[in-house]
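Data block below; observations after.
The values are calculated or read from the model by the stated rules, or taken from the named source; none is laboratory data. Model, not experiment: these values are computed from the prediction. Every residue, glycine among them, receives a Cβ derived from its backbone with ideal geometry; neighbour counts consider all protein chains shown. Ligands, DNA and RNA are excluded from the accessible area calculation, which covers all protein heavy atoms including side chains. Shrake-Rupley method; radii C 1.70, N 1.55, O 1.52, S 1.80 Å.
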Amino acid sequence: MTNGKVQIAIGKTPAFALVPGERLSYNHIQNRYRIQQTDPYKWYAWKNGCLVFRDDPLKYVFKRIGQTFNVDIQIEDVSLARHLYRATFENESLDEILRLLKMTAPIAYDCPKREKSADNSYKKQHIRVYRLK
């Protein structure tokens, strides 16, 4: 949020407020939460056609890209998934984002053409990302 407050109550803990620049992460398995300082723009930039990443692991970057473009992206290398990435993409296509990632991160990828089904709809695209050799 960029202004105002949000009142939060988790279980039986006393309610508390989040203010602009704060983000709450909740782990329902461990029943724990963490409040972090964050740049609010990163979380609402999608409304302006932007994807904003600030030292985020590539696993998260590709998850957001996959959600935005409705594609499955699989990272083959665990250490690559932890690689931190910083970028802002503004109204770029999936192809352009992948090309820019390839230029600025140690990755390569296979992006097969989308397949058409018998009913003329397209199957979900699957992209494989691996470490650049």
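State, to one decimal in nm, how far the label point of Met103 lies from the label point of Glu90, with both points 7 Å from Cα in the Cβ direction.
1.6 nm
Rolling a 1.4 angstrom probe over the protein heavy atoms, how many square angstrom per residue are accessible across the chain?
I get 70 Å² per residue for this part.
Could you work out what % of the accessible surface of the range 1-125 is carbon and sulfur, using a 1.4 angstrom probe and leaving DNA, RNA and ligands out of the count?
48 percent
Answer with one residue from Thr88, Met103, Phe53: the one whose Cα lies farthest towards the positive end of the charge dipole of the range 24-133, charges on Cβ with Lys, Arg +1 and Asp, Glu -1.
Phe53
Step through the residues of the range 68-81 one at a time and calculate ³J(HN,Hα) from phi using the Karplus curve (6.51 cos²θ - 1.76 cosθ + 1.60, θ = phi - 60°), rounding each to whole Hz and writing x for Gly and Pro.
Here the 3J(HN,Hα) series is 5, 9, 6, 10, 9, 10, 10, 8, 7, 10, 4, 5, 5, 4 Hz.
Which length gain, in nm to one decimal place, applies between Tyr33 and Leu132 when the Cα-Cα distance is subtracted from 0.36 nm times their residue separation?
Length gained between Tyr33 and Leu132: 32.0 nm.
Between Asp110 and Glu22, what FRET efficiency comes out of the Förster formula 1/(1 + (r/R0)^6) with R0 = 35 Å and r the beta carbon distance, rounded to 0.05?
Efficiency for this residue pair is about 0.30.
Hey, which of these cross-link pairs are over 31 Å Cα-Cα: Lys42/Lys124; Lys5/Lys123; Lys12/Lys59; Lys63/Lys133?
Pairs exceeding 31 Å: Lys5/Lys123; Lys12/Lys59.
Rounded, prolate or oblate: which fits the range 24-78 when a ≥ b ≥ c are the square roots of the eigenvalues of the alpha-carbon gyration tensor, with rounded for a/c under 1.5 and prolate only if a/b beats b/c?
oblate
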